[in-house]
Amino acid sequence: MVGGVAGGMAAAARLRRLDESARVTVLERGRHVSFAGCGLPYYLGGEVPDQESLLLHTPESLEAALALDVRVGHEVLGLNPEDQTARVRAGAQEFDLPYDELILAPGATPILPPGDGLKNPRNPRVRALRTIEDAAVLRALAQGAASGANRAVVLGAGFIGLEAAEALRSRGLNVTLVELANQVLPPLEPELAWLVGDELRRLGVDVRTGVKAEKVSDAVRHSAVHLSSGEVVDADMVLLSVGAKPDTAPFEAAGVVSERGAILVDHHGRTNLPHVWAVGDATLSTDAVTGTRKPVALAGPAVRAGRLVADAIGAPGARAIPRPLGTAIVRVGGLTAAMTGANRAALRAAGREFATVHVHAAQHVEWLPGAQRLHLVAHFDPATGALLGAQAVGPVGVDKRIDVIATAIRAGMTAPDLMDLDLCYSPPYGAPRDPVTMVGLVADNVVTGQTRLWQSDELDWATNQALLLDVRSPDEFAAGHLAGAVNVPHTALRGRLAEVRELAGGRQIAVLCESGVRSYTAHRILTAAGLESRTLSGGMATLRAWLGDSVSDLVNCGAEP
Ligand code: FAD
């Protein structure tokens, strides 16, 4: 095994359990094996009190439990596939180590953004968070808060950037989070990312999106991050989290075929070279939904592949490595954001037709104290109903809903099939209609044509070409509504159909309410009356989050009839 953390160690342990007589050697460049890399942000913040908690095993414990020959401080510099040897450097020594089978699990290395002081940084205040050593240095810098160092800049608002920003903020630092994309957590749909951005602002993080860090300059006591907006942000520490790239250079040089640096493997983890296998962040995966090929840097797929490669080495008919769905989750303050399958951008890039539904529902029955709304978005094929992806944000119960949908996608269920799920219910845990089953109900209505939706990105159509019909109560309407909207509460609609028909004047009717439930009822009333209408997916709750900062330009307060 080259690499002794997630994928490499999973393979090593499985090999031993399959074959007590095998000689299993793990070569790890760093000082630690089998450490909880995912715990580094929590160590940085202090939630994990000490480094020891992150060290799951040592070479000694692995020798004792699994008879593994684990060598830390051993870097593989290259391979000779003909004579089946790996070139290894250990301190000042270099030697060739023979193998019968070789599993590459070298993971990924942080991308250092271009710009002075950022690439190959020698500045001790600028660092990525990847290893235990990184975390220790960054934690020491953060603890310098007590001695006056209190400004941190985090570059990149992906999963690790968000965790790091929260960790540093929890230590009392003033944190600026800089993201090139126009939103935090770029894989998240914009209408959900807005909620996450809002939570970061509530935590006191200074969130800058749509800007790039161009350089870091160094002063005596601090650094300064120069942004593309022209602003300069002083920083006592700069944490780089703009992504990672497969750490595969020595293996590519030896003839292992890769694409954009990620090793190409078959469904058993075989590379193009005989007896050489690869798993984890260093490999190219085929997305389960879109078929797109890209590296997936997640721990679950890495350990899964590690075990299955060990199986394939032992038995040719072994189970194939499943295509990843990219199921991922992150805590941000009091919120959780999670996703599985494809998002809109991935579906568009793959040329897939899709429909989108939004559900805003509490994690358990509304009438029990403690009910809190979660926001769920799901994409599916409008013709077949095939489930393509889902994402959710909320304070409680997000993990459960996304895990259920991830399971449903893996099982080949359609979006309407979700309404058949027999999920557990008693008041503290759920509702007879769980948010997941509600996705199924709405999707079924869409696929069967019972509902026609309009989406927040069709606001131009709704305001310029359709009659905008807001069916909320007059009080809700007065508290904020779209310019030009006409208010007819859904309870009054049956008695005011003639008026609505006249106002529409042959145009389609774009109906909306707060979450999409009342507007669905209104849409059915209008359809039965022969009026053509569409109901806003997720209602004003989705639209407000979609509009983000520009909401005040488009949503008027003050009563209009
Ligand atoms: P790694 O676990 O990174 O192991 C690769 C090892 O190979 C490294 O220790 C490296 O030193 C060694 N190596 C590299 N080249 C050589 C060489 N030439 N010779 C010898 N050794 C070499 N994933 C999640 O799913 N959920 C999370 O919450 C999550 N949080 C994360 C938080 C952080 C801060 C980080 C950095 C990652 C996080 N991940 C998370 C990602 C997850 O850790 C990785 O996807 C996973 O560890 C990949 O496993 P791997 O075996 O491919 O590589």
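For the reader, a short list of remarks on this structure follows.
- Residue check: VAL178 meets all listed conditions (1) among the β-branched types (Val, Ile, Thr); (2) part of a strand (DSSP E or B); (3) open to solvent by 10 Å² or more (accessible area, probe 1.4 Å) but one, namely (3).
- Subset of the range 358-383 [within 26 Å of THR414 (Cβ to Cβ) and polar (S, T, N, Q)]: GLN363
- Residue match in the range 39-48 (condition: under 30 Å from ALA164 (Cα atoms) and away from the ligand (no atom under 14 Å from the Cβ)): yes
- Qualifying residue in the range 505-523 (condition: closer than 17 Å to SER456 by Cα, acidic (Asp, Glu), within 30 Å of the chain's Cα centre (by Cα) and at pLDDT 95 or above): yes
- Of ALA36, ALA22, all but one fail to be within 13 Å of the ligand (Cβ to nearest atom), under 22 Å from ALA305 (Cα atoms) and surrounded by fewer than 22 Cβ atoms within 10 Å (Cβ to Cβ); the exception is ALA36.
- The residues listed here are ASP116, ASP198, ASP134; of these, the one that is surrounded by fewer than 19 Cβ atoms within 10 Å (Cβ to Cβ) and within 16 Å of the ligand (Cβ to nearest atom) is ASP134.
- Hits in the range 1-59 - residues which are at pLDDT 95 or above and assigned to a strand (DSSP E or B): VAL2, THR25, VAL26, LEU27, GLU28
- Residues in the range 245-259 that are open to solvent by 50 Å² or more (accessible area, probe 1.4 Å) and either within 16 Å of the ligand (Cβ to nearest atom) or without any contact (Cβ under 8 Å) to a residue 12 or more places away in the chain (or both): 4 in all.
- GLY548 open to solvent by less than 10 Å² (accessible area, probe 1.4 Å) and at positive phi: yes
- Within the range 385-407, the set of residues being out of contact with any Gly (no Cβ under 9 Å at 6 or more places or on another chain) and either free of Cβ contacts under 8 Å to residues at least 60 places away in the same chain or of a type in the set (D, E, K, R) (or both) comprises GLY394, ASP399, ASP403, VAL404, THR407.
- Of all residues in the range 289-330, those that are of a type in the set (Gly, Ala, Ser), surrounded by fewer than 19 Cβ atoms within 10 Å (Cβ to Cβ) and either within 11 Å of the ligand (Cβ to nearest atom) or touching a residue at least 24 places away in the same chain (Cβ under 8 Å) (or both) total 6.
- Some residue of the range 91-106 being of a type outside the set (Val, Ile, Thr), in contact with a helix residue (DSSP H, G or I) (Cβ under 7 Å, 6 or more places away or on another chain), within 11 Å of the ligand (Cβ to nearest atom) and more than 17 Å from ASP247 (Cα to Cα): no
- The criterion of at least 3 residues that are within 24 Å of the chain's Cα centre (by Cα) is met, among strands (runs of 3 or more DSSP E) falling completely within the range 196-295, by 206-209, 237-240, 244-246.
The values are calculated or read from the model by the stated rules, or taken from the named source; none is laboratory data. Only a predicted model underlies this, so the values are computations on that prediction, with no experimental measurement involved. Positions of Cβ are generated from backbone atoms using ideal geometry, with glycine treated the same way; all protein chains shown enter the neighbour counts. All accessible areas refer to the heavy atoms of the entire protein, side chains included, with ligands and DNA or RNA removed. Shrake-Rupley method; radii C 1.70, N 1.55, O 1.52, S 1.80 Å.
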